[in-house]
Amino acid sequence: MSDFIGGEYDVIVVGAGHAGCEAALATARMGFRTAIFTLNLDNIANMPCNPNIGGTAKGQLVREIDALGGQMGIAADANLIQSKILNRGKGPAVYSLRAQIDRRAYSTYMKHVLEKQENLEIKQAEVTDVLCEAGKIKGIRVHTGTVYYCQALILTTGTYLKGSIIIGESKISSGPDGLLPANRLSDSLKGLGIELMRFKTGTPPRINERSIDYSKLIEQPGDEEIIPFSFMTGELNIEQVPCYMTHTTAETHRIIRENLHRSPLYSGEIKGIGPRYCPSIEDKVVRFADKESHQVFIEPMGLGTKEVYLQGMSTSMPEDVQIKMVRSLPGLENAQIMRPAYAIEYDCINPTQLKLSLEIKGIEGLFFAGQINGSSGYEEAAAQGIMAGINAALKLQNREPLILDRSQAYIGVLIDDLVTKGTREPYRMMTSRAEYRLYLRQDNADLRLTPIGYEIGLVSPERYKRFLVKKRLIEEEIKRLQDTILPANDRINDFLERHGSTRIVTGIKLYDLLKRPEIEYHYLNEIGQGADLPKEVIEQVSISIKYEGYLKRQMNQIEQFKRMEERHLPDDIDYASIHGLSSEAKQKLSSIKPVSLGQASRISGVSPADIAVLLVYLESRKRKS
Ligand SMILES: Cc1cc2nc3c(=O)[nH]c(=O)nc-3n(C[C@H](O)[C@H](O)[C@H](O)COP(=O)(O)OP(=O)(O)OC[C@H]3O[C@@H](n4cnc5c(N)ncnc54)[C@H](O)[C@@H]3O)c2cc1C
């Protein structure tokens, strides 16, 4: 095969899924000549699983990507067909946006964004080899033998590496949705000494909605008011498409139990490790045997299709069993399966081989992002993609990498968990993983991250100016509420009584009045004290006042956390020689090479006693130096 050189770029991105799109847009927008490769141009930003973006903790990730100057939030707003805020009944720490997306339209939209992007070339080819020289990235080879050179390479290959699709007894080499797999790159990575793992995930069947009896289902409409994902999107008014709900029955469970021996999950045919938090229906029936039924949601996949997605019915059972299972659901007695459910096994890397910048240790200029890092989910992938893109660009600018820590962003929690703790199954983000979730809310992602996005050159000056206006309005309004004192007169006390709030005998600051749970900001209009401000400004003002106490406590915790994060660990420490460390700690610290005492304390197998030993070691090292 010829060694034709197809081109030279600053950055090459392999994969145009959710991670690859964000990575390539970031490097191109930061001024670097970038090429993005994918196996199939017609499936850019494909959604092989649930046709929705966001959800608990994932909504926060999308907002953070947007605040940094990423694309997913804007693309979701442009292609959503239903929108909801989840967990409204709980506190703002867990409010999460979730939108049903027109899957085809989203892919077309993202392809067009890539095509329009300056500094970016898009190519259809299978990358078969990673080329390195003297511990540094050099380029790639593709299936035609053509070679492309670059200074930084970002791999975002998703669920395609040695992909195999399993449906009952059938196992074929394939990517998702019947697309081509990538069967050669894994060996090239192994050849570079990179440790691979075998993971698995699954998806439910797709049904023709014409074959569903909707009179037996419960409608699940979207929220009346659509809250956009992107801080850049104005008001969104679309006619929303509802989801519907049905449930499994005793008959469904009987069919599953009687055919468990034919499930590749239980027959041992599937070797890859699957996500505990996204179980297949057979797993749910076995693990929660006392539950008589499980909810199943019928989700639309787009405006131009009759195909719907059966959320909650992920399986790899044989097709004949799938048909019986589906037709045992109320409303789906005559269901026509358009695409059977399946499980997919694929290669990914052990993410503890990565630095917090997502560059791999030992090969300069080689970055990884997305499902290839052991995560699961479009949002998790896109979050890693933008960070890998940013850090590849910063590296080429000889600047320090951008590391978001656990107190700054869900993105920081995601990457720290993967790189420091590793994962034994596809990792999905959850609010419970974020210690500082009251501060890491979806509503304030721009206040936390847009200044950073601007500083690194990804957020445009126009966007930053707009952000500064919002920030100023929030600060001015909080000051006005602190400075305005209401007199204890009849008018105010009538107002308080009207809202079931305690009367006052002396003057009260508006700020303190708003702290009262029964007083909402928009009530202030009744006493001429409301201000004509944008909704998102009022939201910030209300939350920061009503949760002031909790937020203060959280900020104290964050300060403590930061103190440990700021205790840097030089990378030349010989952990094996430190007396008093446990042997497991010596082994783990030597392989992960944490950058701080804080990161060291999160490595599994490193105990508080080990941290104490390290502290003493650092002090004596400081004294010696
Ligand atoms: C069957 C299935 C079920 C899933 N279920 C869930 C779920 O329940 N919950 C959940 O959160 N997530 C689920 N996911 C995961 C979700 O789809 C992924 O997390 C997400 O798409 C990952 O994004 P990514 O950018 O990392 O990779 P992908 O979106 O997979 O994109 C990978 C890209 O890399 C390209 N590529 C790969 N190898 C090469 C190569 N050698 N050369 C050139 N191009 C290459 C592909 O063409 C593609 O463009 C599921 C995925 C599948 C397939």
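Restricting attention to the range 261-297, which residues are open to solvent by 50 Å² or more (accessible area, probe 1.4 Å), more than 30 Å from Gln82 (Cα to Cα) and polar (S, T, N, Q)?
Ser267
Do we find a residue being under 15 Å from Cys150 (Cα atoms), within 11 Å of the ligand (Cβ to nearest atom) and assigned to a strand (DSSP E or B) anywhere in the range 43-64? Break it down stepwise before answering.
Keep residues of the range 43-64 that are under 15 Å from Cys150 (Cα atoms), which gives none.
Within the range 43-64 (the criterion being under 15 Å from Cys150 (Cα atoms), within 11 Å of the ligand (Cβ to nearest atom) and assigned to a strand (DSSP E or B)), the answer is no, since none of the residues qualifies.
Would you call Gly31 of a type in the set (Gly, Ala, Ser), in a loop (DSSP other than H, G, I, E, B) and more than 8 Å from the ligand (Cβ to nearest atom)?
yes
Quick one: which residue in Ile81, Ile12 is out of contact with any Pro (no Cβ under 8 Å at 6 or more places or on another chain) and either at pLDDT 95 or above or within 16 Å of the ligand (Cβ to nearest atom) (or both)? Break it down into steps so the answer makes sense when it comes.
Working: Ile81 fails: out of contact with any Pro (no Cβ under 8 Å at 6 or more places or on another chain).
Step by step, each of Ile81, Ile12 is checked, and only Ile12 is out of contact with any Pro (no Cβ under 8 Å at 6 or more places or on another chain) and either at pLDDT 95 or above or within 16 Å of the ligand (Cβ to nearest atom) (or both).
Is there a residue being under 27 Å from Glu584 (Cβ atoms), surrounded by fewer than 23 Cβ atoms within 10 Å (Cβ to Cβ) and without any contact (Cβ under 8 Å) to a residue 12 or more places away in the chain anywhere in the range 432-440?
Taking every residue of the range 432-440 in turn, at least one turns out to be under 27 Å from Glu584 (Cβ atoms), surrounded by fewer than 23 Cβ atoms within 10 Å (Cβ to Cβ) and without any contact (Cβ under 8 Å) to a residue 12 or more places away in the chain.
I need the full set of residues from the range 319-334 which are part of a loop (DSSP other than H, G, I, E, B) and touching a Ser or Thr at 6+ places or on another chain (Cβ under 8 Å), in order please.
At the first step, the residues of the range 319-334 found to be part of a loop (DSSP other than H, G, I, E, B) are 328-334.
Residues satisfying the conditions are Ser328, Leu329, Pro330, Gly331, Leu332, Asn334.
Can you tell me which residues in the range 187-208 are surrounded by fewer than 19 Cβ atoms within 10 Å (Cβ to Cβ), farther than 25 Å from Glu282 by Cβ and in contact (Cβ under 8 Å) with a residue 12 or more places away in the chain?
Listed by number, the residues that qualify are Ser188, Leu192, Gly193, Glu195, Leu196.
Which of the residues that make up the range 380-398 are without any contact (Cβ under 8 Å) to a residue 40 or more places away in the chain and either assigned to a helix (DSSP H, G or I) or under 29 Å from Gln560 (Cα atoms) (or both)?
Selection gives Met387, Asn391.
Any idea which of Gly370, Gly362, Gly377 is touching a residue at least 40 places away in the same chain (Cβ under 8 Å), within 9 Å of the ligand (Cβ to nearest atom) and open to solvent by 10 Å² or more (accessible area, probe 1.4 Å)? Please lay out each step first, then the result.
Values: Gly370 fails: open to solvent by 10 Å² or more (accessible area, probe 1.4 Å); Gly362 fails: within 9 Å of the ligand (Cβ to nearest atom).
Step by step, each of Gly370, Gly362, Gly377 is checked, and only Gly377 is touching a residue at least 40 places away in the same chain (Cβ under 8 Å), within 9 Å of the ligand (Cβ to nearest atom) and open to solvent by 10 Å² or more (accessible area, probe 1.4 Å).
Being closer than 27 Å to Ile386 by Cβ and either of a type in the set (Gly, Ala, Ser) or open to solvent by 70 Å² or more (accessible area, probe 1.4 Å) (or both) narrows it down to one of Glu539, Glu526, Glu475, Glu497, so name that one. Break it down stepwise before answering.
Numbers: Glu526 fails: closer than 27 Å to Ile386 by Cβ; Glu475 fails: closer than 27 Å to Ile386 by Cβ; Glu497 fails: closer than 27 Å to Ile386 by Cβ.
Of Glu539, Glu526, Glu475, Glu497, the one residue that is closer than 27 Å to Ile386 by Cβ and either of a type in the set (Gly, Ala, Ser) or open to solvent by 70 Å² or more (accessible area, probe 1.4 Å) (or both) is Glu539.
Of the residues Arg184, Arg198, which single one is among the basic types (Lys, Arg), more than 16 Å from Tyr9 (Cβ to Cβ) and away from the ligand (no atom under 11 Å from the Cβ)?
Values: Arg184 fails: away from the ligand (no atom under 11 Å from the Cβ).
The conditions single out Arg198.
Can Glu126 be described as of a type in the set (Asp, Glu), open to solvent by 20 Å² or more (accessible area, probe 1.4 Å), out of contact with any strand residue (DSSP E or B) (no Cβ under 9 Å at 6 or more places or on another chain) and modelled with pLDDT of 95 or more? Show your work before the answer.
Numbers: of a type in the set (Asp, Glu): yes; open to solvent by 20 Å² or more (accessible area, probe 1.4 Å): yes; out of contact with any strand residue (DSSP E or B) (no Cβ under 9 Å at 6 or more places or on another chain): no; modelled with pLDDT of 95 or more: yes.
In short, no.
Can you name every residue in the range 65-111 that is free of Cβ contacts under 8 Å to residues at least 24 places away in the same chain and either basic (Lys, Arg) or outside any loop (DSSP other than H, G, I, E, B) (or both)?
Let us first name the residues in the range 65-111 that are free of Cβ contacts under 8 Å to residues at least 24 places away in the same chain, namely 88-90, 108.
Arg88, Lys90, Thr108 - these are the residues of the range 65-111 that are free of Cβ contacts under 8 Å to residues at least 24 places away in the same chain and either basic (Lys, Arg) or outside any loop (DSSP other than H, G, I, E, B) (or both).
Just one of Ala57, Ala125, Ala99, Ala45 is in contact with a His (Cβ under 7 Å, 6 or more places away or on another chain) and under 20 Å from Ser376 (Cα atoms); which is it? Can you show your working first?
Numbers: Ala57 fails: in contact with a His (Cβ under 7 Å, 6 or more places away or on another chain); Ala125 fails: under 20 Å from Ser376 (Cα atoms); Ala99 fails: in contact with a His (Cβ under 7 Å, 6 or more places away or on another chain).
The match here is Ala45.
Conditions: (1) open to solvent by less than 20 Å² (accessible area, probe 1.4 Å); (2) within 11 Å of the ligand (Cβ to nearest atom). Arg428 meets all but one. Number of the miss?
Only one criterion in (1) open to solvent by less than 20 Å² (accessible area, probe 1.4 Å); (2) within 11 Å of the ligand (Cβ to nearest atom) is unmet by Arg428, namely (1).
The values are calculated or read from the model by the stated rules, or taken from the named source; none is laboratory data. Because the structure is a prediction, the values reported are computed rather than measured. We place every Cβ from the backbone using ideal geometry, glycine too, and count neighbours over all the protein chains shown. Accessible surface is based on the protein model in full, side chains and every heavy atom, while ligands, DNA and RNA are left aside. Shrake-Rupley method; radii C 1.70, N 1.55, O 1.52, S 1.80 Å.
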